[in-house]
Amino acid sequence: MSESIFSAKDGTAQGVAKQRLIETLAKPDKRVINDPYADRFVMGASIIKVMGHKLSIWLAKKIAPGFHEHIISRTRFIDDLIKKSAASGVEQYVILGAGYDSRAYRLELPSSLRIFEVDQPELQARKRRKLPKELLNSENITYVDVDFTHQSLTERLMDSGFDQSKSAVFTLEGVSQYITKEAVSSTIKEVATLTQKASSIFFISYVNELLNKNPEACFGKGYPNAEKRAKLITYGSAKVGEPWISLYSNEEIESLLARNGYSITENVTMEDLNSQHFGPVGRTLPENQLFNLEHFVIARSPS
Ligand SMILES: C[S@@+](CC[C@H](N)C(=O)[O-])C[C@H]1O[C@@H](n2cnc3c(N)ncnc32)[C@H](O)[C@@H]1O
């Protein structure tokens, strides 16, 4: 696929939205998430719709078995976290690197939950052009444009009405691999400082550094051509102009969060979520299709 079909810096955001579109095309009793807005952001969405869920999944499996399910598990894991957090009274939700995420509109969340969508200005402008006007006017959603590498998140969030006295959940989904370790570290530090007066939850996904050192360890036992697949996936991101530049060890993430007062309460991969997410819809993946290279972490501040 040519690089030119992607607007500036939105190739990977489109890539994730594409997987949500494919999942949404499954019959309601066979799907793990439902994203009725995904098609608005994906180039070639009409072709994917004609192909349908089964053929799209078949094709995805040919390229990288388990990739689709891994992205969908990540989405579902965070959906559940946000629904539970909101139900237990968390008052603010900050989506860091929101991309074409539609959680703010597709989940049933209390209208009292303030939501901040944070991303780079060009991508956010494109997203807002594509969304239905009535959604954009939702009073509880605020769009905050920030580039993590050279702008202060604190300043931009405070200017946009973030309330430091209220509890908050932050998610950094599918972003840490694209930005420098310094940017991730300063973002977590800013979040910890910003939320000192109230409790906070921080979700981060990260790619395991073993992907470069021992690719077999990042896939289920018997995964075909793990090393070749690992190269293909990283090459695909670089090709759309967003290379994976930061990979982490588990210890590195644990200490990064601990330094900022966060304790990890969950650190899971697709392997842990496979039967929980795909079992009820009869789509549990066999071991040799598991894609375990990305970790999903929930960390909490002392309340
Ligand atoms: C793979 S997409 C994930 C989008 C969304 N979280 C999801 O899972 O659908 C990565 C996102 O990170 C954002 N991003 C990358 N570098 C960034 C930066 N320096 N500042 C702010 N956002 C950034 C991109 O614009 C993009 O939306």
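Readers should treat all values here as calculations from the given coordinates under stated rules, not as data from a laboratory. For clarity, every value in this text was computed on a predicted model and none was experimentally measured. Note: ideal-geometry Cβ built from the backbone for every residue, glycine included; neighbour counts use all protein chains shown.
Is the stretch 248-288 best put as rounded, prolate or oblate by its Cα gyration tensor, with a ≥ b ≥ c the root eigenvalues, rounded for a/c under 1.5, and otherwise prolate when a/b is larger than b/c, oblate when not?
prolate
For a straight C-alpha distance cut-off of 17 angstrom, the lysines reachable from residue 30 (same-chain residues fewer than eight places away being disregarded) are 49, 54. Hand me the tally of lysine pairs in the stretch 185-303: alpha carbons under 28 angstrom apart, and the pair either on different chains or 8 or more positions apart. Lysine pairs meeting both conditions in the stretch 185-303 amount to 8.
Derived scalar couplings between HN and Hα for the stretch 215-226 equal x, 4, 5, 9, 10, x, 4, x, 4, x, 6, 3 Hz in order, rounded to whole Hz, by the Karplus curve 6.51 cos²θ - 1.76 cosθ + 1.60 (θ = phi - 60°), x for Gly and Pro.
Looking at the stretch 73-178, which GluC sites (Glu not before Pro) are DSSP coil and have at most 13 other C-beta atoms within 10 Å of their C-beta?
108, 139
In the stretch 65-300, the ratio of gyration radius to Kirkwood radius, Rg to Rh, stands at 0.96 when only Cα atoms are counted. Shape of the stretch 160-262 from its Cα gyration tensor (a ≥ b ≥ c, root eigenvalues): rounded if a/c is under 1.5, otherwise prolate when a/b > b/c, or oblate? Because a/c hits 1.5 or more and a/b exceeds b/c, the stretch 160-262 counts as prolate. Rg and Dmax of the stretch 134-190, based on Cα coordinates, read 12.8, 38 Å. Look at where the Cα atoms of the stretch 50-64 and of the stretch 106-121 average out, and the two centres are 31 Å apart.
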